[in-house]
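In what follows, a single structure is set out as structure tokens and then discussed.
All of the numbers you see were taken from the coordinates with simple rules; none came from a lab. Quick caveat, the model's predicted, so the values are computed rather than measured. Virtual Cβ from ideal backbone geometry, glycine too; neighbours counted across all protein chains shown.
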Amino acid sequence: MLVERDVNRKIARSAAAKREFMRKTGHPNGWSGHVVDHVIPLKRGGSDSPANMQWQTVEEAKAKDKWE
């Protein structure tokens, strides 16, 4: 499956979707020690929408990135 990429060859993401997720979860300016993560990774066909996003601790994100 081909994934849409930006001009720098990174997977294209929606900043608006991320802002909406952050606002809806009560952390419009971010959450210290956490990152926004895609439940189903974009490179595996997950959508770049708030419904596919979750808060994850930095430690959890690093561990998940190792097996993705």
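Quick look at the values:
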item: Long-range neighbours under 8 Å by Cβ, at least six apart or interchain, first residue over 14 Å from Thr57 (Cβ atoms) within the stretch 15-42, second acidic (Asp, Glu); result: Ala17/Asp48; His38/Asp48; Pro41/Glu68; Leu42/Asp48
item: Residue that is farthest from Lys10 (Cα to Cα), among those in the stretch 43-68 that are touching a helix residue (DSSP H, G or I) at 6+ places or on another chain (Cβ under 8 Å) and without any contact (Cβ under 8 Å) to a residue 24 or more places away in the chain; result: Gln56
item: Residues of the stretch 1-50 satisfying the condition of being in a helix (DSSP H, G or I), among the small types (Gly, Ala, Ser) and surrounded by 13 or more Cβ atoms within 10 Å (Cβ to Cβ); result: Ala17
item: Subset of the stretch 51-66 [of a type in the set (Asp, Glu) and either under 23 Å from Val3 (Cβ atoms) or surrounded by 11 or more Cβ atoms within 10 Å (Cβ to Cβ) (or both)]; result: Glu60, Asp65
